[in-house]
Structures are given as structure tokens and as C-alpha cells.
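Working notes for the structure below.
The values are calculated or read from the model by the stated rules, or taken from the named source; none is laboratory data. Everything quoted here is computed from the prediction, not taken from an experiment. Every residue, glycine as well, gets a Cβ built from its backbone with ideal geometry; the counts of neighbours run over all protein chains shown.
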């Protein structure tokens with residue numbers, strides 16, 4: 001087995017090593033063509049082989065032709081053909097220009113032999129040398145110099161006239177359009193400055209003017225350079241260097257049109273589909289469409305989820321049609337962005353998931369009065385990442401949804417819509433005061449408090465028999481949770497008043513012994529004047 005592999009390797013090696021003109025003749029290698037040029041003019045094309053490629057062969061032949069063309073002592077008629085066994089030599093005097101093989105003729109198609117191709121190449125060489133010498137003759141150079149000066153003069157006049165016309169157009173636009181642009185300040189309440197709009201317009205106008213001068217100058221320079229043999233080849237390169245990228249961009253845009261139309265169709269379908277879906281969820285939010293166990297406040301959040309899913313699906317479909325999506329650079333950037341998003345979005349994703357969890361849990365809604373981590377306030381805004389709460393002191397508290405998800409939430413507004421939320425406060429009263437009297441006093445204080453309901457009636461709990469007092473808790477129903485602090489304050493005021501009226505001393509927070517003077521405020525002292533600071 002090893003000997004067979006070794007024999008195959010040797011065969012391949014020697015087959016590649018025998019790269020001669022016979023290989024060209026037998027056509028063992030792929031066709032590689034290059035142009036033979038003189039002064040930028042293409043005379044004909046030649047093929048190459050692996051060890052002597054077409055570009056090298058064409059370059060050598062072009063150098064041989066140029067050497068003969070530069071020597072005025074060599075007559076064009078001295079360029080002749082010499083037939084050999086496998087090829088035909090084209091030569092002048094004692095200088096070989098090129099060799100023509102059967103393989104060269106095979107490139108031109110069936111029915112063409114090396115004799116015919118050699119004759120055609122001989123004629124092309126003669127014509128190229130003739131043109132080369134004529135273009136360098138004094139009459140032609142003088143004539144072309146005159147043409148160059150005339151074209152430069154006419155181009156200068158044309159540019160001056162064009163720039164003058166552009167200036168007039170610019171002034172006319174300033175008079176007629178600038179007034180309308182200035183009115184944008186009033187229409188947009190100065191959010192959009194008219195000077196910025198006009199500045200953008202002037203930049204566009206200036207860019208058009210610069211491009212116009214550039215392309216006119218480019219074509220003039222190209223024409224002038226093409227008149228002289230020493231710069232003709234450079235003129236072809238100069239024009240191609242500018243126009244070829246523009247042509248490439250133009251053809252790329254034309255070839256991309258089918259994909260662009262497909263993207264437009266996807267965009268149009270997705271846009272209208274989202275509109276229909278939004279109408280459906282808006283009906284759910286407004287209560288016009290009712291689903292069992294689906295709360296109206298879930299509607300827009302669910303719509304956002306559906307919207308993300310649909311847009312993601314559309315992006316997956318449209319991705320292959322995005323310009324450059326199949327390039328390595330585009331894929332590399334996509335992977336890089338994905339890695340950054342993965343590394344930096346852990347907290348972000350956690351808050352988004354928590355936000356949706358809070359919405360579907362139904363723990364609270366906008367306007368509810370809640371308590372979280374000892375912080376009480378009204379829910380003003382519920383987003384995917386954070387929830388904004390306004391405290392009674394008009395402070396804005398911003399809580400990440402991940403914290404809300406893992407915290408105990410007390411919602412005062414939910415039960416306020418039914419029987420009402422129970423407000424309660426505790427007082428300590430001595431053992432010598434009958435509990436029935438304390439019950440009656442606390443219920444009377446609750447009855448006097450505006451904002452507490454009479455139905456269901458308030459009730460009193462004996463919370464504990466403490467060391468020095470009995471702890472009583474008054475409980476009363478309230479529906480106006482927006483004024484919960486004010487109701488608590490009024491309840492405490494009324495408790496103080498009722499207990500003072502009945503000469504009952506409040507023992508809270510603690511009591512050790514009776515004092516000589518009871519700790520009560522006489523009715524005549526309920527409203528004493530303030531001490532003067534003067």
C-alpha cells in the first residue's frame with residue numbers, strides 16, 4: 001500500500017515538473033489570459049501556464065513591442081513570421097517579439113490555427129507600432145496641445161458660468177424659502193431652530209456644487225491626459241479609479257432591489273399586523289373585549305410580548321436579505337454584540353422578567369396605595385424595569401422590579417374597593433379603667449373621625465394584658481386610602497379628646513406608679529394661646 005501511494009506522489013510531482021510549451025499546446029492547465037498593451041491600447045490577448053503566467057508573458061511581449069516601436073530605424077515591414085515545428089515566431093530584424101502555439105489558437109475557438117493567429121497578431125503589432133510613432137510625431141503633438149488648451153479654456157468658462165448660476169439660484173432660494181423655514185420656530189415653539197435647518201440646506205447645496213466642479217474637472221483632466229501618449233494609460237486608470245466604484249455601487253443597488261422589495265413587503269406586513277393586534281389588545285384594555293380570567297391591565301403588557309415575538313420572527317426571516325449579512329465582518333459584529341448583551345444584561349433581564357411577573361401577579365396597579373420594605377406610597381408608573389411610587393411627602397421612590405418580586409407587598413387599595421381597609425391604632429389603659437368604658441370611648445373616637453365607615457361598625461381588640469396597662473386596639477373600616485395619613489391623624493386627635501373628656505389617663509408607652517396630678521388635659525386647657533416670640 002505504501003509503495004502504491006509513493007508511486008502516485010512521484011507521478012503527480014513529475015507531471016507538474018514538466019511545464020513546457022508542450023503543456024500549453026496540449027492544454028493541461030486552465031486558461032489564463034492577459035492583455036498585450038502599447039500606450040494603453042490593447043493589441044491582443046495571450047494565455048499563460050503555471051510557471052509562466054499570462055501577465056508575465058503579456059508584459060514581456062509588450063516590452064518587446066515597445067522596444068521596437070521606440071527605434072525609428074526599424075521598419076514596420078521588417079516584422080515577419082518564422083514557422084517552426086511546434087510554434088511560429090514573430091520577429092523584427094534579430095529581435096524575437098513572441099511565439100504563437102497551437103494552444104494560443106485554440107483559445108480563439110475552433111477553426112483557428114496558429115498560422116492564422118500569428119498573422120493576426122503580426123497585423124496588430126504593426127498597427128500598434130504605427131500608432132505609437134504617429135502619436136509622438138510633432139504635428140500630432142502640436143495639434144493635441146492646442147486641443148488641450150482649448151478644452152481647458154472652455155471648461156474654465158463653463159465652470160465660471162455654472163458657479164455664477166448656482167450662486168443666483170442660492171440667493172433666490174434664500175429669499176423665497178428661508179422665510180418659510182424661519183416660520184418653523186413659531187410652529188415648533190422653538191424646539192426646531194430655523195438656523196439649523198437652513199444650515200443643513202446650505203451644506204447640501206455646497207456639497208452639490210463641489211461634486212459638480214469635481215466631476216467636470218475630472219473629465220477635463222482625463223481628456224487632456226488621453227491626448228498625449230505618455231499619459232494616456234494613466235488617464236484610463238484615473239477615470240476607472242473614480243467611476244468603477246460608482247458603477248459597482250450602482251450595480252450593487254440594482255442587484256439588491258429584489259431583496260429590498262422583499263424587506264419592504266415584510267415591513268409592510270408586520271406593520272399592519274401589529275396594528276391589528278394592537279387594536280385587539282386596546283379593546284381588551286378598554287373592556288370592549290372580555291376574556292375570562294384576563295384582566296384589562298394585562299392587555300398592553302401582553303401586547304408588548306407579542307410584539308417582541310413577531311418582530312423577532314420577522315428579523316429572523318429578513319436577516320439573510322440584509323446587505324452584508326453573509327459577510328464575515330457582519331457575522332463577527334453580530335457575535336460581538338451578542339456577547340456584550342449576554343455579559344451586561346443579567347440584571348436587565350432579571351428586572352424585565354420580574355416586571356412581567358409583577359404585572360401578571362396582579363399585586364397592584366397604577367394608583368394603588370401599597371407598602372414595600374417599609375415604604376408606603378401610590379403607584380404612579382409600572383414599567384418593565386422599575387416601578388415608580390409617590391410617597392405621602394410627594395417623594396418619588398424608584399424600585400427595581402427584581403426587589404418588588406422578592407419583597408412582601410401590602411396593597412391597601414384592593415380591599416378598599418370592597419368593605420374597605422381596616423385602620424387600627426393601639427393605646428394602653430390602666431387596669432382600674434373598665435374595659436367596657438374603654439371600648440365605648442374608642443368607638444366614639446372612631447365615630448367622630450371623618451373618613452372612617454360606620455358600617456361595618458368599628459370594633460376593639462384587647463391585644464394584651466401588659467405589666468402596667470391593658471393594650472386596646474381600635475379597628476375601623478376606611479375606603480378613602482388616598483387620605484389614610486390624614487384619617488390616622490384625625491383618629492388620634494379624637495382619641496385624645498374623648499379620653500380627656502372622660503378623665504381617663506392613657507398609660508402608653510409605659511406606667512410605673514400613679515402621680516399626684518393625673519396626666520390629663522382639662523377641657524378649659526384644650527386650646528391654649530401660643531407663646532409670643534416677641
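Below is a table of values for the structure above.
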| quantity | calculated |
| --- | --- |
| Residue in the range 504-524 that is loosely packed, with under 14 Cβ neighbours inside 10 Å, assigned to a helix (DSSP H, G or I) and at pLDDT below 80 present | yes |
| Breaking point among (1) at pLDDT below 85; (2) more than 60 Å from the chain's Cα centre (by Cα), for residue 103 | (2) |
| Scan of the range 39-55 for residues that are over 16 Å from residue 120 (Cβ atoms) and surrounded by 13 or more Cβ atoms within 10 Å (Cβ to Cβ), ordered by number | 39, 40, 48, 49, 52, 53, 54, 55 |
| Residue check, residue 475 under 30 Å from residue 379 (Cα atoms) and part of a helix (DSSP H, G or I) | no |
| Hits in the range 201-210 (condition: under 12 Å from residue 163 (Cα atoms) and exposed (fewer than 15 other Cβ atoms within 10 Å of the Cβ)) | 205, 206, 208, 210 |
| Count of the range 281-290 residues which are closer than 9 Å to residue 303 by Cβ and either free of Cβ contacts under 8 Å to residues at least 12 places away in the same chain or surrounded by 15 or more Cβ atoms within 10 Å (Cβ to Cβ) (or both) | 3 |
| Hey, residue 127 surrounded by fewer than 15 Cβ atoms within 10 Å (Cβ to Cβ), closer than 18 Å to residue 42 by Cβ, in contact (Cβ under 8 Å) with a residue 60 or more places away in the chain and in the same structural domain as residue 83 (by TED's automatic domain parsing) or not | yes |
| Residues that are under 11 Å from residue 428 (Cβ atoms) and outside any strand (DSSP E or B), drawn from the range 450-472 | 466, 467, 468, 469 |
